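The values are calculated or read from the model by the stated rules, or taken from the named source; none is laboratory data. Only a predicted model underlies this, so the values are computations on that prediction, with no experimental measurement involved. Here the Cβ positions follow ideal geometry from the backbone for every residue, glycine too, while neighbour counts run over all protein chains shown.
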């Protein structure tokens, strides 16, 4: 089973998530394009193109899901 974000939604490959960062007294949010999902962590590329692995999933929130086209039968 895939891990869930702060709101309880399942995190899947292709999702865009935001996560907090802190350096000293500075704080902010970064965006991550999820590429790999394991039960313990998510990995992908940040908005600056750097590879990132997040293990503290309690602070992650899914903000955008990839568009899926409906199947035409």
Worksheet item: Is one or more of the residues making up segment 50-59 modelled with pLDDT under 90, surrounded by fewer than 14 Cβ atoms within 10 Å (Cβ to Cβ) and within 10 Å of the chain's Cα centre (by Cα)?
Response: no
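For every residue, the table says whether it meets (1) in a loop (DSSP other than H, G, I, E, B); (2) surrounded by fewer than 16 Cβ atoms within 10 Å (Cβ to Cβ); (3) free of Cβ contacts under 8 Å to residues at least 40 places away in the same chain.
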position	(1), (2), (3)
1	yes, yes, yes
19	no, no, no
22	no, yes, yes
29	no, yes, yes
33	no, no, yes
48	yes, yes, yes
62	no, no, no
66	yes, yes, no
Discussion item. Checking the structure you have, find out if any residue of segment 21-38 is within 18 Å of residue 65 (Cβ to Cβ) and in contact with a helix residue (DSSP H, G or I) (Cβ under 7 Å, 6 or more places away or on another chain).
Written reply: no
Worksheet entry | Identity of the residue in segment 3-17, over 17 Å from residue 66 (Cβ atoms) and in contact with a helix residue (DSSP H, G or I) (Cβ under 8 Å, 6 or more places away or on another chain), that ends up surrounded by the most Cβ atoms within 10 Å (Cβ to Cβ) | 3
